[in-house]
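Below: the structure, in structure tokens.
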Amino acid sequence: MNTTPFTPDLSEHAVVITRVADRQWHALHDDLVVGRGHAQHRPDGRLFVSVDAWHDTAFDRLAATMSASLPGPLYTVVDEADTELTAAWLRAGFAVRRREWEYAVPTDPRPTGLGTVLPPSGVTIVPAGQADESLLRAVDREIRDEVEATVGWHSMPAEVVPCRDGDTLVDPSKYAVAAATDRYLGLIRVVTAIRPRIGLVAVRADAQRRGVARALLAHALGTLHQSGFAEAWTEVQESNRAGSALFEGIGARPMSSNLELVR
């Protein structure tokens, strides 16, 4: 257990930053925990940090200790509406890397206009849990390579990243796909926990602008609507204008924005 004593301004007592476990720290004030810091690797290998502190001094000391103790670069995500937390991370030497909008997406086909949308000729939608895993992995890999060669996969939401051992599928049973006769053209991933979340909608470059993405959305949202869900949620990076246009075109509403910061 490592400790780093620190006496803050405007306080008669010492604040002690204590590492309590691997990549976990506490800030103590008069032997009381007044802040906690945590670091965790995301599936893509990037190291994300978080701090929950009761006052600025504890936050600043935790952030400084973690930054000095951990290999960079370090990342964190904050709700842009939380201006105090954003300012604290900026004070700690972090800078805004990207902004992501969170959308509420209606599932009812009346407001989305997707009730009459059909796949393009020669394309069928294979429901989640029924896709051929080898073809699913092939289209996922090809789309990721295409994205990486253009805008870069870093432009995708932070959760949409390679998993352990280079595996890129979060859970094959969560993907519905658009299928041609010999290959898959696109995919959509929906995870339902507390609320349904559309984690990914993607189409091969040579199959874009044919209505494949809208057909995938029509299928996924229609399935959710039949299951009793009124809304789904998704995130779109601010610079992804095509993604924003796709969702706003079916009545999705921007509800909040998150900032990803890096030091």
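The values are calculated or read from the model by the stated rules, or taken from the named source; none is laboratory data. Quick caveat, the model's predicted, so the values are computed rather than measured. Because the Cβ atoms are built from the backbone with ideal geometry, glycine has one as well, and the counts that use them run over all protein chains shown. Heads up: the accessible areas ignore ligands, DNA and RNA and are worked out on the full protein's heavy atoms, side chains in. Shrake-Rupley method; radii C 1.70, N 1.55, O 1.52, S 1.80 Å.
In debye to the nearest 20, how big a dipole does the stretch 53-151 give about its Cα centre with +1 on each Lys and Arg Cβ and -1 on each Asp and Glu Cβ?
Details: 9 positive and 16 negative charges, 29 e Å.
Rounded to the nearest 20 debye, it is 140 debye.
Put +1 on the Cβ of every Lys and Arg and -1 on every Asp and Glu Cβ in the chain; which of SER239, PHE59, ILE143 then has its Cα farthest towards the positive end of the dipole?
It is ILE143, whose Cα lies furthest towards the positive end.
Note down the relative contact order for the chain as a percent, whole number, built from C-alpha pairs under 8 angstrom at least six residues apart. Spell out each step's value before the answer.
On the way: 493 pairs, mean separation 64.9, N = 263.
For the chain, the relative contact order is 25 percent.
Considering the dipole of the chain built from charges on the beta carbon (Lys and Arg +1, Asp and Glu -1) around the Cα centre, which of ALA202, LEU47, PRO106 is farthest to its positive end?
Checked the options; the winner is ALA202.
Roughly how many debye, to the nearest 20, is the charge dipole of the chain about its Cα centre, given +1 on each Lys and Arg Cβ, -1 on each Asp and Glu Cβ, and no other charges?
Details: 27 positive and 34 negative charges, 153 e Å.
Approximately 740 debye in magnitude.
Report, for the chain, the % of DSSP beta bridges that are antiparallel, rounded to 5.
95 percent
Kindly identify the stretch 185-263 as rounded, prolate or oblate by the Cα gyration tensor criterion: order the square roots of the eigenvalues as a ≥ b ≥ c, call it rounded if a/c is under 1.5, otherwise compare a/b with b/c, prolate if a/b is larger, else oblate. Please list the in-between numbers first.
Working: a/c = 1.70, a/b = 1.07, b/c = 1.59.
Cα axes put the stretch 185-263 in the oblate bin.
Quote to one decimal, in nm, the extra length available between GLU248 and HIS41 on full extension: 0.36 nm per residue of separation minus the C-alpha distance between them.
71.3 nm
Determine the relative contact order of the stretch 32-156: mean sequence separation of Cα pairs under 8 Å and six or more apart, normalised by residue count, in whole percent. Please report the intermediate quantities before stating the final value.
Values: 74 pairs, mean separation 17.7, N = 125.
Answer for the stretch 32-156 is 14 percent.
With the full set of protein chains in place, find how many percent of the accessible area of the chain is carbon and sulfur; take the probe as 1.4 Å.
On the chain, the fraction of accessible area on carbon and sulfur atoms equals 51 percent.
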